[in-house]
Amino acid sequence: MEATKDLIHGFLVGASEDAAVYNKKRKNEYIVEIEQKSKEWLEFVQEAVLRFFGKNIKIRKTSKGFYRLTIYSKDFFTEIKKHRENSSWILNESDEFQTGFLQGFYDAEGSIKKSRNHITSSSNRKDLIDVAEELLKKFNIRTGKQWKDKNNVITLPFYGKDNMIKFSRIVDFRHPEKRERLARHLEKYHLQNPYNGVVAGKSSLPALFLEN
């Protein structure tokens with residue numbers, strides 16, 4: 001199934017949790033910049049930008065060995081700045097936008113933990129974690145209790161095989177390392193991710209961006 005514009009838009013908003021957002025006033029440039037170790041994942045973001053904004057932007061390698069993608073867009077800059085002030089607006093968006101948002105957010109801020117079969121997402125913004133919790137519940141993924149560490153980073157977990165299977169079917173990771181790690185985890189239950197066909201040691205990206 002081809003990705004819709006709402007799905008791609010939501011993905012970009014979620015993926016922006018990995019971004020620096022700034023304005024070069026002298027040049028009148030509004031910038032959202034994402035830096036990652038995984039070039040493969042940035043290529044997903046690159047394609048999303050092409051599909052949503054119609055902009056073909058380059059991925060550059062930094063002197064520290066990371067990969068960087070720079071989006072020049074005043075509208076997107078403004079949206080992300082408002083998003084970082086309060087994310088509750090996402091709860092009023094379409095189901096496709098919300099699914100895309102979870103995909104991008106978990107790619108950026110999600111982790112798979114082998115202990116106790118759980119997946120977590122983390123942020124220092126309570127409103128953002130609350131939104132993620134509401135969306136997971138909407139998709140019948142039962143979450144655990146939020147907790148805050150000494151650095152005021154809030155973590156939202158969900159536990160168990162059934163919840164992990166639901167996550168893989170409805171959301172899943174597009175980040176290749178996380179995607180394969182979840183596939184390996186599901187394989188021990190003799191399961192295969194039902195939409196992307198990934199099994200341990202045979203990770204492959206879908207032919208179409210965000211294809212389910």
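Tallying residues that are part of a helix (DSSP H, G or I) and either touching a Pro at 6+ places or on another chain (Cβ under 7 Å) or touching a residue at least 60 places away in the same chain (Cβ under 8 Å) (or both) within the stretch 95-115 yields 14.
Which of the residues belonging to the stretch 47-74 are part of a helix (DSSP H, G or I) and touching a residue at least 40 places away in the same chain (Cβ under 8 Å)? Of everything in the stretch 47-74, those that are part of a helix (DSSP H, G or I) and touching a residue at least 40 places away in the same chain (Cβ under 8 Å) turn out to be GLU47, ALA48, ARG51, PHE52, LYS74.
For the stretch 21-36, filtering for residues that are within 11 Å of ARG68 (Cβ to Cβ) and either assigned to a loop (DSSP other than H, G, I, E, B) or charged (D, E, K, R) (or both) leaves 2. Right, THR143: modelled with pLDDT of 95 or more and either assigned to a helix (DSSP H, G or I) or touching a Leu at 6+ places or on another chain (Cβ under 9 Å) (or both) or not? Yes; evaluated as a whole, the condition is true for this residue. Count of the stretch 50-107 residues, restricted to those that are touching a strand residue (DSSP E or B) at 6+ places or on another chain (Cβ under 7 Å) and surrounded by 21 or more Cβ atoms within 10 Å (Cβ to Cβ), is 5. From the list ARG179, ARG169, exactly one residue is in a helix (DSSP H, G or I) and within 13 Å of the chain's Cα centre (by Cα). Which is it? When all the criteria are applied, what remains is ARG179. In contact with a Leu (Cβ under 7 Å, 6 or more places away or on another chain), outside any loop (DSSP other than H, G, I, E, B) and surrounded by fewer than 16 Cβ atoms within 10 Å (Cβ to Cβ) - does that describe any residue in the stretch 116-137? Yes, that holds for at least one residue. When the criteria are applied in full, ILE112 meets the requirement of being of a type in the set (Val, Ile, Thr) and within 21 Å of PRO157 (Cβ to Cβ). On inspection, ASN152 qualifies as more than 26 Å from LYS188 (Cβ to Cβ) and either in a loop (DSSP other than H, G, I, E, B) or at pLDDT 95 or above (or both).
The values are calculated or read from the model by the stated rules, or taken from the named source; none is laboratory data. Computed from a prediction, not measured in an experiment: that's the story for all the values here. Cβ coordinates were reconstructed from backbone atoms using ideal geometry, including for glycine residues, and neighbour counts include every protein chain displayed.
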